[in-house]
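Working notes, beginning with the structure itself.
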There are 2 protein chains.
Amino acid sequence: MVISARVHYACLAMLELAMRSDEASDDSSPVAIREITDRHNIPGPFLVQILRTLRAAGWVQSVRGSQGGYRLSVDPAKITLLDIAEAIGCQESSARATPSTQLDEMLGEHWDEAAAASRRVLGEARLSDILERCRHGDASMFYI
Amino acid sequence: MVISARVHYACLAMLELAMRSDEASDDSSPVAIREITDRHNIPGPFLVQILRTLRAAGWVQSVRGSQGGYRLSVDPAKITLLDIAEAIGCQESSARATPSTQLDEMLGEHWDEAAAASRRVLGEARLSDILERCRHGDASMFYI
DNA sequence: ATCATACTTGACTATCTTGATCATGTTTGT
DNA sequence: ACAAACATGATCAAGATAGTCAAGTATGAT
């Protein structure tokens, strides 16, 4: 599970959309790409690409024309960082061929388990939770 | 934590060396690169590079000249897959700049926690354990 | 109608990392 | 001396990543 800038931007955009759809409870106000890029310092045309992917995945809707923009199309409580990462097409860390030796195989199981561990973490991070913590101004949630 | 072919090969080589140093208890028989590449299907000159790195990290010793080769220089019970991955210079998944917004920061914490989770898994996998299980012919250790 | 706003689409480029190779040396046992 | 085996540095191709550009289409406002 590699966290690329693409995935990071995608999550930021989704969180931003979730925030907006929450504040203004009327569904009639899509958010323009420009607003997101301004607030989060994301290269404009790059975010366009990313939103296209998110739309294909069904997580956002687009509204064309003047006053158009993007809008979340799912419940923020039903989507996790893992969902977004996978939608963006985050490459799996281990695309190995069939193991040739027993050592090879055992190592492969370790890589898989490591990848599973990080996926578990991301699969538990719901957008709604993150927003909630953000509103309460919680600094850090993981205590070392 | 990205598991590249480089890391995989490094671990295979370390495991192979650990096996050999265990069988023949006299320290007088280094293992030639050729023997490792033959057994594990690793491109020869590539393993040379990798062993160079492992030597710089202090995990293996080299013996030059005829009858030379490589030898483990640490106790297989004291080294984990994480140690090897880090020695190889496995890039950390998140080399992000200082977070500009609060959302940015919260996301970053999640990426860090995900990376930490997989590091924890690899940090518990000692070479000696893997070899032990390999000898007992254990198929898979993680039960879904 | 027309104009500005804003999304759509597809192609394109630069840079970096990864995986891998080669040539040329140096060391050492026999 | 000779061959086995490591040492070192340069180099290369392919793919991914990050980011850009240009031309087009839809829609609300005037």
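No lab work stands behind these numbers, since they all come straight from the coordinates. Please read these numbers as outputs of a predicted model, since none were measured by experiment. All Cβ positions, even for glycine, are placed from backbone atoms using ideal geometry, and neighbour counts span all protein chains on display.
Quick one: Cα centre-to-centre distance for the stretch B:52-84 and the stretch A:101-116, in angstrom?
21 Å
Going by amide H atoms built from the backbone, whose H comes under 5 Å of the H on B:Ser29, apart from near neighbours?
Those lying under 5 Å, H to H, from B:Ser29: there are none.
Arranged by the count of other C-beta atoms within 10 angstrom, fewest first, what order do B:Asp38, B:Asp129, B:Asp104 take? All intermediate terms of the calculation are to be shown ahead of the outcome.
Values: B:Asp38 11, B:Asp129 15, B:Asp104 18.
By the 10 Å Cβ count, ascending: B:Asp38, B:Asp129, B:Asp104.
Taking a quarter of the surface of the Cα convex hull of chain A, what do you get in nm²?
Result: a mean projected hull area of 10.8 nm².
May I ask you to evaluate 6.51 cos²θ - 1.76 cosθ + 1.60, the Karplus curve with θ = phi - 60°, for each residue of the stretch A:118-125 and list the ³J(HN,Hα) values in order in whole Hz, giving x for glycine and proline?
Here the 3J(HN,Hα) series is 6, 5, 4, 4, 5, x, 9, 8 Hz.
Can you run phi through the Karplus equation (6.51, -1.76, 1.60; θ = phi - 60°) for the stretch B:126-134 and list ³J(HN,Hα) in whole Hz, with x for Gly and Pro?
7, 4, 4, 5, 4, 4, 4, 5, 5
Once the Cβ-Cβ distance between A:Val63 and B:Ala116 is put in as r, and R0 is 41 Å, what FRET efficiency do you end up with, to the nearest 0.05? Spell out each step's value before the answer.
Numbers: r = 39 Å, r/R0 = 0.96.
Given R0 = 41 Å and the Cβ-Cβ separation, E is 0.55.
Please give the calculated 222 nm ellipticity per residue for chain A, where each DSSP H segment of at least 4 residues contributes -39500 (n - 2.57) and the sum is spread over every residue; nearest 500 deg cm²/dmol? Each step should come with its number before you reach the end.
Working: 6 runs with 80 residues, N = 144.
Result for chain A, helices only: -17500 deg cm²/dmol.
How far is A:Asp75 from the same spot in each other copy, in nm, shortest first, if each label point sits 7 Å from Cα toward Cβ?
Label point to label point, same position, other copies: 5.4 nm.
Using a label point 7 angstrom from Cα along Cα-to-C-beta, what distances in nm, from shortest up, separate A:Asp129 from the other copies?
Copy-to-copy label distances at A:Asp129, shortest first: 2.6 nm.
As a footprinting exposure proxy, order B:Met1, B:Met106 by other Cβ within 10 Å, with the fewest listed first. Write down the numbers at each step before the final one.
Values: B:Met1 26, B:Met106 22.
The most exposed by this proxy come first: B:Met106, B:Met1.
Between A:Ser128 and B:Arg55, what is the spin-label point distance in nm, taking each point 7 Å from the Cα along the Cα→C-beta axis?
About 5.9 nm separates the two model spin labels.
Over the protein assembly as shown, one equal point on each Cα, no solvent: what is log10 I(q)/I(0) by the Debye formula at q = 0.12, 0.15 Å⁻¹?
For the protein assembly as shown at q = 0.12, 0.15 Å⁻¹, log10 I(q)/I(0) is -0.81, -1.05.
Could you work out the relative contact order of chain A? I mean the mean sequence separation of Cα pairs under 8 Å and 6+ apart, divided by the number of residues, in percent. Before the final figure, lay out the partial values.
Values: 142 pairs, mean separation 43.1, N = 144.
It comes to 30 percent, rounded to a whole number.
Please list, in chain and number order, the residues 5+ apart from A:Val60 or on another chain whose amide H is under 5 Å from its amide H, with Hs placed from the backbone.
A:Arg55, A:Ser73
With θ set to phi - 60° and the Karplus curve 6.51 cos²θ - 1.76 cosθ + 1.60, what are the ³J(HN,Hα) couplings of the stretch A:32-39 in order, to the nearest whole Hz, using x for Gly and Pro?
Calculated HN-Hα couplings, in order: 6, 3, 3, 5, 6, 5, 4, 6 Hz.
Partner chain Cβ atoms within 10 Å, averaged over the residues of A:98-110 - can you pull that number for me? Present the calculation step by step, with values, prior to reporting the outcome.
Details: counts 0, 0, 3, 7, 6, 10, 6, 3, 12, 11, 2, 8, 11.
If you average over the peptide's residues, the count of other-chain Cβ atoms is 6.
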